[in-house]
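The values are calculated or read from the model by the stated rules, or taken from the named source; none is laboratory data. The shown structure was predicted, so the numbers you read here are calculated from the model rather than taken from an experiment. Positions of Cβ are backbone-derived with ideal geometry, glycine not excepted, and every protein chain shown enters the neighbour counts. SASA here: full protein model, heavy atoms, side chains in, ligands and nucleic acids out. Shrake-Rupley method; radii C 1.70, N 1.55, O 1.52, S 1.80 Å.
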Amino acid sequence: MSGRVVQCLICPKECKLAEGQRGDCRSRANFGDKMVTLVFGAPCSSHIDPIEKKPLYHVLPASRAFSIATAGCNLHCKFCQNWEISQVPPEDIRHLPLSPEGVVKQAVMSHSRSIAYTYSEPVTFYEYTLETAKLARRKKILNLLISAGYINPEPQDVLCQYLDAANIDLKGITEKFYREVCFATLKPVQDALIRFKKNGVWVEITNLIVPTLNDEPKDIKLLCEWIFNELGPDTPLHFSRFYPMYRLKNLPPTPRGALIAARDIARETGINYVYIGNLDTPEGSNTYCPKCRRLLVERRGYWVVRNQVRDGRCPFCRETIPGIWS
Amino acid sequence: MKRIDFLKTLAAVFLALGSWSWRTILRYNNASVVQPGKEAMFYRVIGSGEKKNGGSRL
């Protein structure tokens, strides 16, 4: 044992670890003066999902996304909806060996057009994500990152070379919320969102509305204005319904009215594509043309009933609908 | 001689079966055991005197 300290530089937490210690994410550790990942090739979840589940509504609608996750997360949101896998160390959960080659092979075999690094937090299984993404790109399979976006600039820029699309959780718009509820900070997430955009990665945003914690209309307005000004009006925004989970079982599910009010605020701010998730609402998941207001993609839950987008355009007024459509 | 050949074959079969089943058992047992895996990217080694702020010990 040499006893030297290593500092992880993958996320803004930048954990400094003594020999044998592991990071805040529980999946990276100092072994003999080296930082090692404990979850490479060891997913605790692998599943074939409709891409709408990610949610990515402007990327290959109705296609399959081969989805993987490993244990651990660098955030500890009190409302985590996947806490059984994200808030546990890898040894506490069953996982099976699946190499990056194996992931790509299974994606091909299942006719998945994309691989999603999702469920928990792909920043903590960065090396597995990167290696798989490189192989997937060679097979012309899209790479989708579903993340909290809490990542340092350098690793992000490297990963962006192989990413096609990302759905990033913008969990709130105040530092207070990020510090007290998520045990993280807001600024790095905002910076990462801007960098994804600059790197040419298609970005959609999810905001989980938690009653009493981030549902103030003025905060929703601030969040929408930030997206409008920094990422542009064509960035799809998904408001998602909270269900009592993990450390917030004392709160009720998000009322229907709060989600609809949030959607109205986003539309008034000028965001063109606003969706409601985790709630069965008529029209809440549909895509409309921002110019002629005609229905373009009709969705029911995760299923696409009708997709009328042709060559990335509205078939009625020829308005360009941004996204990856083919 | 025939008997020795038969015993040799039998031993080989047992060894093969044993090895396969043992590897299978190990594989599924290890499924929930964390192995120090691949070297991570993006880290730096700093002096032993630095303040540590990491999480739990392994």
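Return only the number of the condition from (1) in a helix (DSSP H, G or I); (2) modelled with pLDDT of 55 or more that residue B:26 does not satisfy.
Single failed check for residue B:26: (2).
For segment A:203-217, enumerate the residues that are without any contact (Cβ under 8 Å) to a residue 40 or more places away in the chain and of a type in the set (Asp, Glu).
A:216
Sort out which residues of segment A:114-149 are within 9 Å of the chain's Cα centre (by Cα), part of a strand (DSSP E or B) and not aliphatic (A, V, I, L, M), and write them in order of number.
A:117, A:147
Go through A:97, A:55 for me and flag whichever is out of contact with any strand residue (DSSP E or B) (no Cβ under 8 Å at 6 or more places or on another chain), in contact (Cβ under 8 Å) with a residue 24 or more places away in the chain and either open to solvent by 20 Å² or more (accessible area, probe 1.4 Å) or of a type in the set (Val, Ile, Thr) (or both).
Sole residue among the options that is out of contact with any strand residue (DSSP E or B) (no Cβ under 8 Å at 6 or more places or on another chain), in contact (Cβ under 8 Å) with a residue 24 or more places away in the chain and either open to solvent by 20 Å² or more (accessible area, probe 1.4 Å) or of a type in the set (Val, Ile, Thr) (or both): A:97.
In segment A:64-84, what residues are open to solvent by less than 10 Å² (accessible area, probe 1.4 Å) and farther than 30 Å from residue A:251 by Cα?
Those that are open to solvent by less than 10 Å² (accessible area, probe 1.4 Å) and farther than 30 Å from residue A:251 by Cα: A:65, A:66.
Considering only segment A:67-86, I want to know if a residue exists there that is closer than 28 Å to residue A:235 by Cβ, over 15 Å from the mean Cα position of the chain (by Cα), in a strand (DSSP E or B) and more than 11 Å from chain B (Cβ to nearest Cβ).
The answer is no, given that none of the residues of segment A:67-86 is closer than 28 Å to residue A:235 by Cβ, over 15 Å from the mean Cα position of the chain (by Cα), in a strand (DSSP E or B) and more than 11 Å from chain B (Cβ to nearest Cβ).
Name the residues in segment A:1-13 that are within 7 Å of chain B (Cβ to nearest Cβ) and of a type in the set (A, V, I, L, M, F, W, C), would you?
Result: A:5, A:6, A:8, A:9, A:10.
Among the listed residues A:117, A:126, identify the single one that is closer than 24 Å to residue A:24 by Cβ, open to solvent by less than 10 Å² (accessible area, probe 1.4 Å), touching a strand residue (DSSP E or B) at 6+ places or on another chain (Cβ under 8 Å) and within 11 Å of chain B (Cβ to nearest Cβ).
After applying the criteria, what remains is A:126.
Considering segment A:1-35 alone, what residues qualify as being within 24 Å of the chain's Cα centre (by Cα) and of a type in the set (A, V, I, L, M, F, W, C)?
Listed by number, the residues that qualify are A:8, A:9, A:10, A:11, A:15, A:25.
Could you tell me which residue of segment A:46-84 is nearest to residue A:110 (Cα to Cα), considering only residues that are of a type in the set (A, V, I, L, M) and in contact with an Asp or Glu (Cβ under 9 Å, 6 or more places away or on another chain)?
Of everything passing the filter in segment A:46-84, A:65 is nearest to residue A:110 (Cα to Cα).
Do you know which residues across segment A:172-195 are in contact (Cβ under 8 Å) with a residue 60 or more places away in the chain and surrounded by 17 or more Cβ atoms within 10 Å (Cβ to Cβ)?
A:181, A:182, A:184, A:188, listed by residue number.
Right, residue A:102: open to solvent by less than 20 Å² (accessible area, probe 1.4 Å), assigned to a helix (DSSP H, G or I) and modelled with pLDDT of 95 or more or not?
yes
Taking segment A:285-326 as the region of interest, how many residues are in contact with a strand residue (DSSP E or B) (Cβ under 8 Å, 6 or more places away or on another chain) and at pLDDT below 95?
Matching residues across segment A:285-326 total 2.
Applying the selection to segment A:55-74, what residues are within 19 Å of residue A:128 (Cα to Cα) and not small (Gly, Ala, Ser)?
Of everything in segment A:55-74, those that are within 19 Å of residue A:128 (Cα to Cα) and not small (Gly, Ala, Ser) turn out to be A:66, A:68, A:70, A:73, A:74.
Within segment A:14-31, take every residue that is open to solvent by less than 50 Å² (accessible area, probe 1.4 Å) and more than 7 Å from chain B (Cβ to nearest Cβ) and give me the one that is farthest from residue A:125 (Cα to Cα).
A:19
Out of the residues in segment A:290-323 that are among the basic types (Lys, Arg) and under 24 Å from the mean Cα position of the chain (by Cα), state the one that is nearest to residue A:232 (Cα to Cα).
Looking at the filtered set, the residue picked out is A:299.
At least 1 residues that are touching a residue at least 60 places away in the same chain (Cβ under 8 Å), open to solvent by 20 Å² or more (accessible area, probe 1.4 Å) and over 20 Å from residue A:57 (Cβ atoms) in each: list the strands (runs of 3 or more DSSP E) lying fully within segment A:218-323 that qualify.
Per the criteria, no element qualifies.
Looking at the structure I just gave you, is residue A:169 surrounded by fewer than 18 Cβ atoms within 10 Å (Cβ to Cβ) and of a type in the set (D, E, K, R)?
No; evaluated as a whole, the condition is false for this residue.
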